[in-house]
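Remarks on the structure that follows.
Every number here is computed from the coordinates shown, using simple stated rules; none is lab data. Owing to the predicted nature of the structure, the values given are computational and were not obtained by experimental measurement. Cβ placement follows ideal geometry from the backbone for every residue including glycine, while neighbour counts extend to all protein chains displayed.
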Amino acid sequence: MRHLIDILELSVDEIDALIETANDIIANPEKYAEKCRHKKLATLFFEPSTRTRLSFEAAMYELGGNVLGFSEAASSSSAKGESVSDTIKVVSSYADIIAMRHPKEGAPMVASMKSDVPVINAGDGGHNHPTQTLTDLLTIKREIGRLDNIVIGYCGDLKFGRTVHSLANALSRYKNVKMVFISPEELRIPDYIIEEVLKPLGIEYVETADLMEYMPELDVLYMTRVQRERFFNEADYIRLKDSYILDAEKLSHAKETACVLHPLPRVNEIAIEVDEDPRAKYFIQAKYGKYIRMALILKLLGIE
Ligand code: CP
């Protein structure tokens, strides 16, 4: 039985195969319409979500399966003090596969050790978000045409932004990828990504506080919001929240072939006017999330 807690549990070949399956699902959805008949997905979301939960649910319905679960901790027995371990032990007797989001880093890992069915980490605190990374990789592959030989700029809250941590880990295994980390000093990418991932693998990277410094070089600009829910004090959040706002003028300095991604939700960091630019790919990115999650469900359930 396989779980997906960290993107590094998937080899590059496995990621490439998931992308291939997602592309086939996009091209031939009817082939997949009954693949998960009589299977159930449990979505256990202890933290808010729109895209991840609903795209998982849509994915399972489009595979012919069913869905059960909860969308907030308050409507589950965790509000009465039940542990994650006990919740998972019980739910794994009701469902064939579980997608779980939790504010505590490591909670999905603990869940996977107690579960009788595959567990997918749908985001754990400020740590990891592997299925967002699969979504991002599918989007880059479809929109740019490659995952090797790219320059990617990550901009915003790189400290708490779990999507950036997972994506940097994943892209570090592709060839000739240069990473530009754009953030205020207080929200820099965690040291462990630099020291344990980028340096040992010899990945070219730079850190800067200036969004414009590398703009003309970027193939992908990955914008992120400042993660209000992870701040200890509101004053720091207010001070940092509008550090970067991508607008049409700033984007005019980017390559014609660049693409702008964002895991969403957006707050202020991309001006609405950018939505009209053909390089803005964040809504199609959210759509692709459903297809890659369909591919992942099939893989973890062992369905061809
Ligand atoms: N990208 C993402 O995780 O969005 P949600 O929080 O809406 O699931």
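Couple of notes before you dig in:
- Within the shell of other residues whose beta carbon sits under 13 angstrom from the beta carbon of Leu251, the net charge comes to -4, with Lys and Arg scored +1 and Asp and Glu -1.
- Taking only the C-alpha atoms of the range 155-195, the Rg (one decimal) and the largest Cα-Cα distance, Dmax (whole number), read 10.0, 30 Å.
- Total formal charge among the other residues, if their Cβ is under 13 angstrom from that of Val117, Lys/Arg +1 and Asp/Glu -1: +3
- Dipole axis of the range 36-91 (+1 Lys, Arg; -1 Asp, Glu on Cβ), positive-most option in His38, Ala79, Phe56: His38
- Remark on the range 108-169: hydrodynamic radius 13.1 angstrom, per the Kirkwood mean of 1/r across alpha carbon pairs.
- Once C-alpha pairs closer than 8 Å and six or more residues apart are averaged by separation and normalised to the residue number of the chain, the relative contact order reads 20 percent.
- Distance histogram in 5 Å bins (all Cα pairs of the range 121-239, percent per bin): 2, 11, 22, 25, 22, 12, 5, 2, 0
- The range 269-304-the range 64-100 distance, computed between alpha-carbon centres (Å): 25 Å
- Taking the alpha carbon gyration tensor of the range 1-141, multiplying each eigenvalue by 5 and rooting it gives semi-axes of 25, 18, 13 Å, largest first.
- Across the range 172-243, the mean sequence separation of Cα contacts (distance under 8 Å, 6 or more residues apart), normalised by length, yields a relative contact order of 33 percent.
- Separation in nanometres of the label points that stand 7 Å from Cα toward Cβ, at Glu30 and Ala248: 4.2 nm
- Local electrostatic count at Leu10 - Lys and Arg +1, Asp and Glu -1, tallied over other residues with Cβ under 14 Å: -3
- Where the Cα pairs of the range 84-136 fall when distances are cut into 5 Å bins, in %: 5, 23, 31, 22, 14, 5, 1
- Per residue, the chain reaches -10000 deg cm²/dmol at 222 nm when only DSSP H runs of four or more residues are counted, each adding -39500 (n - 2.57).
- Fewest-first ranking of Val119, Val180, using other Cβ atoms within 10 Å as the exposure measure: Val180, Val119
- Cα centre as origin, Lys/Arg/Asp/Glu Cβ charges: the chain dipole, Debye: 940 debye
- By the count of neighbouring beta-carbon atoms within 10 Å, fewest first, Cys155, Cys259 end up ordered Cys259, Cys155.
- Taken about its Cα centre, the range 220-263 carries a charge dipole of about 120 debye when Lys and Arg each add +1 at the Cβ and Asp and Glu each add -1 at the Cβ.
- Every pair of different Cα atoms in the range 1-57 enters the Kirkwood calculation, which places the hydrodynamic radius at 13.9 Å.
- Förster radius 25 Å - calculated FRET efficiency between Lys175 and Thr208 (Cβ-Cβ, nearest 0.05): 0.60
- Eligible aspartates and glutamates near Lys178 by straight Cα distance, threshold 13 Å, same-chain separation 8 or greater: Asp148, Glu204, Glu207, Glu217, Asp219
- The loop-placed chymotrypsin sites (Phe, Trp or Tyr not before Pro) in the range 21-122, going by DSSP, that have at most 13 neighbouring Cβ atoms within 10 Å of their Cβ come out as Tyr94.
- When the GluC sites (Glu not before Pro) in the range 175-257 are filtered for DSSP coil states and for at most 12 other beta-carbon atoms within 10 Å of their beta-carbon, the remaining sites are Glu256.
- Considering only beta bridges that DSSP places wholly inside the chain, some 5 percent are antiparallel.
- Cα gyration tensor category, rounded, prolate or oblate, for the range 146-304 with a/c compared to 1.5: rounded
- For the residue pairs Lys35/Lys299; Lys40/Lys80; Lys159/Lys255, the alpha carbons lie more than 19 Å apart in Lys40/Lys80; Lys159/Lys255.
- Taking the charge dipole of the range 197-304 about its Cα centre, with +1 at Lys and Arg Cβ atoms and -1 at Asp and Glu Cβ atoms, the residue from Tyr244, Leu221, Pro265 reaching farthest to the positive side is Pro265.
- Virtual paramagnetic centre 7 Å along Cα→Cβ of Ile284, amide N under 15 Å, in the range 135-158: 136-146
- Relative contact order %, the range 23-140, counting alpha carbon pairs below 8 Å whose residues are six or more apart: 23 percent
- The trypsin sites (Lys or Arg not before Pro) found in the range 161-191 that occupy coil by DSSP, while having at most 12 further C-beta atoms within 10 Å, are Lys175.
- Kirkwood Rh in Å, taken over the chain so that all alpha-carbon pairs contribute: 19.7 Å
- Modelled FRET efficiency - R0 35 Å, Asp148 with Met109, Cβ distances, 0.05 increments: 0.70
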